[in-house]
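Here is the structure we will look at, set down as structure tokens.
The values are calculated or read from the model by the stated rules, or taken from the named source; none is laboratory data. A quick note: this is a predicted structure, and the numbers were derived from the prediction, not measured. Note that each Cβ is placed from the backbone with ideal geometry, even for glycine, and that neighbours are counted across all protein chains shown.
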Amino acid sequence: MTNTATALYKFFSGFGLPAFVEYNVPDEMPDGTPVKPPYITYQVVNPDWPDSAPLYARVWYRDTSYAAINATVDAIEAAVKGGITIPTEGGCVVLNKGTPFAQEQPMEGDDTLKVYYLLFEIMAPTD
């Protein structure tokens, strides 16, 4: 599980935004600054080989425009298009796009909070 968690953190933190395990967003960063969007949250899923499992992530922005969040979602989609293999100490983690890949998740009562739900399929051949 540790190798999968490390690989997922490496992938999701590679887009210029902080990345946190879903439902574990801290109140502040290590330097004491408050955590607020933009950031990415993601599940940690470790299926048994040779099975795959769904995995979701969410991209969070606070903005009046969709330009920045769309650019981040486009970058994530480009990185995983056709599948991406992330090496680990014990093997690798493979991520593929799920269908549908990206869906807007409206936040009622807050027009500036933009959230996209991203769906992946994960395989962890060895961990």
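Quick notes on this structure:
Yes/no matrix, rows are residues, columns are (1) in a loop (DSSP other than H, G, I, E, B); (2) closer than 24 Å to MET1 by Cβ; (3) at pLDDT below 95:
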position: GLY14; (1), (2), (3): no, yes, no
position: ALA57; (1), (2), (3): no, yes, no
position: GLU77; (1), (2), (3): no, no, no
position: ALA102; (1), (2), (3): no, no, no
position: PRO106; (1), (2), (3): yes, no, yes
position: ASP110; (1), (2), (3): yes, no, yes
position: VAL115; (1), (2), (3): no, no, no
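Per-residue answers, yes or no, for (1) of a type in the set (Gly, Ala, Ser); (2) under 12 Å from the mean Cα position of the chain (by Cα):
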position	(1), (2)
THR41	no, yes
PRO54	no, no
ASN70	no, no
ALA78	yes, no
GLN105	no, no
GLY109	yes, no
ALA124	yes, no
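- Some residue of segment 79-94 being at pLDDT 95 or above, part of a helix (DSSP H, G or I) and either out of contact with any helix residue (DSSP H, G or I) (no Cβ under 7 Å at 6 or more places or on another chain) or charged (D, E, K, R) (or both): yes
- LYS36 fulfils the conditions (1) part of a loop (DSSP other than H, G, I, E, B); (2) modelled with pLDDT under 95 except for a single criterion, (2).
- The number of residues in segment 64-113 being closer than 19 Å to ALA19 by Cβ and of a type in the set (D, E, K, R) comes to 3.
- Contact annotation: residue pairs with Cβ atoms under 6 Å, 6 or more positions apart or on different chains, pairing a residue in segment 101-118 that is farther than 25 Å from PRO54 by Cβ with a partner that is assigned to a strand (DSSP E or B), are THR112/ARG62.
- Of residues in segment 1-60 being in contact (Cβ under 8 Å) with a residue 60 or more places away in the chain and of a type in the set (D, E, K, R), the one surrounded by the fewest Cβ atoms within 10 Å (Cβ to Cβ): ASP51
- Any hit, segment 47-54, residues being within 18 Å of GLU22 (Cβ to Cβ) and in contact with a Gly (Cβ under 9 Å, 6 or more places away or on another chain): yes
- Out of ALA19, ALA124, one residue alone is in contact with a Cys (Cβ under 9 Å, 6 or more places away or on another chain) and hydrophobic (A, V, I, L, M, F, W, C). It is ALA124.
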